[in-house]
């Protein structure tokens with residue numbers, strides 16, 4: 001890690017602090033549950049709107065298109081932003097008891 005100070009004592013570092021956000025992602029052929037890391041005080045939308053073509057998903061579970069069948073699990077998955085149909089943060093999901 002490289003830490004630098006300016007003449008006023010402000011600290012600069014190459015590390016970017018991010019927090020994990022649990023999400024459900026719909027792709028054309030699968031659903032993915034996992035975590036996307038968002039800059040602190042940032043929004044999930046900001047990560048998706050960045051210039052990066054791919055978004056990193058950690059602790060990923062890949063499911064069938066309808067989300068009923070487990071395909072595989074992995075610690076890291078890179079998803080092409082152009083393939084995302086929709087994405088829902090876990091905190092925005094309604095439980096089954098709420099939907100009835």
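Just so you know, all these numbers are worked out from the coordinates, no wet-lab data involved. Values in this document were obtained by computation on a predicted structure and should not be read as measured data.
Here is how the numbers come out for the structure above:
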{"read-out": "Expected-Rg normalisation [2.2 N^0.38 Å, Cα atoms] applied to the stretch 53-97", "value": "1.28"}
{"read-out": "Computed Kirkwood radius, in angstrom, where 1/r is averaged over Cα pairs of the stretch 17-90", "value": "12.3"}
{"read-out": "Extended-chain gain in nm, criterion 0.36 nm per residue less alpha-carbon gap, residue 93 and residue 53", "value": "11.8 nm"}
